[in-house]
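Asker: Provided herewith is a single structure, encoded as structure tokens, for subsequent inquiry.
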Amino acid sequence: MSQTVDLSLATRASDPDAVPGLIKDINNLHSSLKEGDEETRHKLAIKARSLLQSLLTPREQMLQHTWADPGLDAAIITGVDVGLWKLMVKNGVDTPQKVEDLAKSVGMDPVLLGRLLRHVCAMGHLEEVAQDEYKLTNFAKSLSLDVIGDGYVALLGGIGRSPIEFFKFLRETKWQNPIDAAHTAMHASYNTDLPNCFEYLRSIGMGPQTNHHMGGYRQGRLPWMHPTVYPVEKTLFADADTSPDATLVVDVAGGLGHDINEFKKYYPNHPGKLILQDLPVVIADVKGLDTSIQLMPHDFLAEQPIKGARAYFMHSILHDWPDDVCIKILSRLADAMKPGYSKLLIFECVIPRTGAYWEATAGDILMMTQLSALERTEDHWRQLIEGSGLKLKITKFWSSGQSDIENLIECELA
Ligand SMILES: C[S@@+](CC[C@H](N)C(=O)[O-])C[C@H]1O[C@@H](n2cnc3c(N)ncnc32)[C@H](O)[C@@H]1O
């Protein structure tokens, strides 16, 4: 017999029976939480989210998703765009600030700004001091940082329509798993023929904001060269060629060079050369790196010019592409690798078979809706790297242990 739900379900707390157990779990986790224990903090945050969801009614959750969150995004993006968050921080991180004064400084109608900030406050991201007067929370302070604030501008202001209108794209493509990099929901939503969302964002003047977001989402994650993730001295330095021309690491499509610069800071006395590669337009924007790092414009679909490096490293690259493009990228690298010496190091999400973490599943949907790409499971990585005729083998998945968001997938020539 087919079932239905009664409308009254929408206005009752979603799971009141779960509340006592969740409060107990939260207390237990909180009592064992120590400074820097990210694993426990993650678990606690997930329990706290479950508690909130148990208490909210389905109607309230629907309003949060469809009214409150988009409204908050509208206020945050506008604030970044007019320099509001930077101004508020400049005025004083703990200083009460009046809407009227702020509106004058950023050239906004005070009525408009008052309405936006009232919602930001109602959502818990500003502290109300008096009517139309607020203090910054830590979250609101962080919006003044380009690596935090610019993500809202690029991902929501620039290409935010793609996930919202994904269902229309799926109607057109008859609900098939998207695997065509040249025909994505982003192409359909923005009616563009540009090759991908990176090019599209650049074309609308949001290249710098996109690069800042790349630097932002990685914050707080352990870098690949951290000794608890990958024992670089043992795996790369031992037996490395120490001649002046030898290359230690090529960071392929390394963006503005966050990873390679961090490597230099961790291991200032490394053997060999460090090379940063990316498209010419990105390399032209690189600044502030250690001067010993060589900058090299390079398209990863073309022949790899650096042969026989100790390691070819890629971070958050293959998740941008469906398998057919990944195979082309990987084959260029395999062709350049020296048997028995070169390693291919892929720093990416490895989604477990069950119990996937929300950052990984969110990344997967982001890749799917913007790029027809994906975050991969261990099985999928094995099939891509070892089952595509690439002459590569995976030697080990090195886990960062941080809710398994990113692993270093170490490969060699088979
Ligand atoms: C998601 S970002 C990752 C950047 C960097 N590895 C990081 O983790 O911050 C993807 C990078 O791929 C670069 N890219 C895209 N297409 C490329 C191509 N054909 N050749 C080389 N780099 C490319 C982009 O410019 C961008 O810097």
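Just so it is clear, none of the values below were taken in a lab; they were calculated from the coordinates. Every value quoted in this text rests on a predicted model; they were computed, and no experiment measured them. Using ideal geometry, Cβ is built from the backbone for each residue, glycine included, and neighbour counts are taken over all protein chains shown.
Asker: Pull up all non-local amide H partners of Trp224: gap of 5 or more, or a different chain, and H-to-H distance under 5 Å with H placed in the peptide plane.
Answerer: Under 5 Å from the amide H of Trp224 lies no amide H from a residue far enough along the sequence or on another chain.
Asker: Here is a further query. Rounded to whole Å, give me the distance from the Cα center of region 79-113 to that of region 211-232.
Answerer: Using only Cα atoms, the two centres lie 33 Å from each other.
Asker: Any chance you could check the Cα centroid distance between region 341-414 and region 117-174 for me, in angstrom?
Answerer: Centre-to-centre distance over Cα atoms comes out at 29 Å.
Asker: Here is a follow-up. Report the calculated FRET efficiency for Glu38 and Val281 (r = Cβ-Cβ distance, R0 = 30 Å), to the nearest 0.05.
Answerer: Details: r = 35 Å, r/R0 = 1.17.
It comes out at approximately 0.30.
Asker: Quickly rank 316-326, 342-352, 25-35 as a protection proxy: mean count of other C-beta atoms within 10 Å, highest first.
Answerer: Values: 316-326: 19.8, 342-352: 22.1, 25-35: 12.0.
Descending mean neighbour count gives 342-352, 316-326, 25-35.
Asker: Which entries of Lys47/Lys90; Lys98/Lys265; Lys328/Lys396; Lys264/Lys393; Lys287/Lys343 have Cα-Cα distances beyond 31 Å here? Numbers along the way, then the final one.
Answerer: On the way: Lys47/Lys90 36 Å; Lys98/Lys265 43 Å; Lys328/Lys396 22 Å; Lys264/Lys393 28 Å; Lys287/Lys343 28 Å.
Lys47/Lys90; Lys98/Lys265, as the Cα separations exceed 31 Å there.
Asker: Can you order the peptides 1-7, 368-374, 76-82, 222-228 by their average number of other Cβ atoms within 10 Å per residue, highest first?
Answerer: On the way: 1-7: 5.3, 368-374: 23.7, 76-82: 20.3, 222-228: 16.9.
Top of the packing list down: 368-374, 76-82, 222-228, 1-7.
Asker: Using modelled amide H (1.01 Å from N, peptide plane; none on Pro or chain starts), what sits under 5 Å from the amide H of Ile351, excluding residues fewer than 5 places away?
Answerer: Result for Ile351 returns Arg376, Thr377, Glu378.
Asker: Once the Cβ-Cβ distance between Leu63 and Ser399 is put in as r, and R0 is 51 Å, what FRET efficiency do you end up with, to the nearest 0.05? Could you put the intermediate results ahead of the total?
Answerer: Numbers: r = 39 Å, r/R0 = 0.77.
After rounding to 0.05, the efficiency reads 0.85.
Asker: Given only helices, namely DSSP H runs of n ≥ 4 each adding -39500 (n - 2.57), what is the per-residue ellipticity at 222 nm of the chain, to the nearest 500 deg cm²/dmol? Walk me through the intermediate numbers first.
Answerer: Values: 19 runs with 177 residues, N = 414.
Theoretical 222 nm ellipticity from helices: -12000 deg cm²/dmol.
Asker: Consider a paramagnetic label point 7 Å from the Cα of Asp241 along Cα→Cβ; state which residues of region 295-329 have an amide N under 14 Å from it.
Answerer: Label zone hits: 305-312.
Asker: Which trypsin sites (Lys or Arg not before Pro) in region 219-289 pass both tests, a DSSP loop state and at most 10 other beta-carbon atoms within 10 Å?
Answerer: Details: sites: Arg221, Lys234, Lys264, Lys265, Lys273, Lys287; in loops: Arg221, Lys287.
Passing both the DSSP loop test and the Cβ count: Lys287.
Asker: Once the mean 1/r over all distinct Cα pairs of region 1-159 is inverted, what Kirkwood radius in angstroms do you read off?
Answerer: On the way: mean 1/r = 0.0551 Å⁻¹.
Computed over Cα pairs of region 1-159, the Kirkwood hydrodynamic radius comes out at 18.2 Å.
Asker: Please identify the GluC sites (Glu not before Pro) of region 225-322 that satisfy two criteria: DSSP loop assignment and at most 15 other Cβ atoms within 10 Å. Which are they?
Answerer: On the way: sites: Glu233, Glu262, Glu303; in loops: Glu303.
When the GluC sites (Glu not before Pro) of region 225-322 are filtered for loop state and at most 15 Cβ neighbours within 10 Å, Glu303 remain.
Asker: I would also like to ask the following. Multiply the residue separation of Arg171 and Glu233 by 0.36 nm, subtract the distance between their alpha-carbon atoms, and state the gained length in nm to one decimal. Don't skip to the end; give the middle numbers.
Answerer: Numbers: separation 62, 0.36 × 62 = 22.32 nm, distance 5.15 nm.
Value of the extension gain: 17.2 nm.
Asker: Follow-up question, since we're still on this one. Roughly what would the spin-label model give for Leu87 and Thr4, points 7 Å off Cα along C-beta, in nm?
Answerer: 5.3 nm
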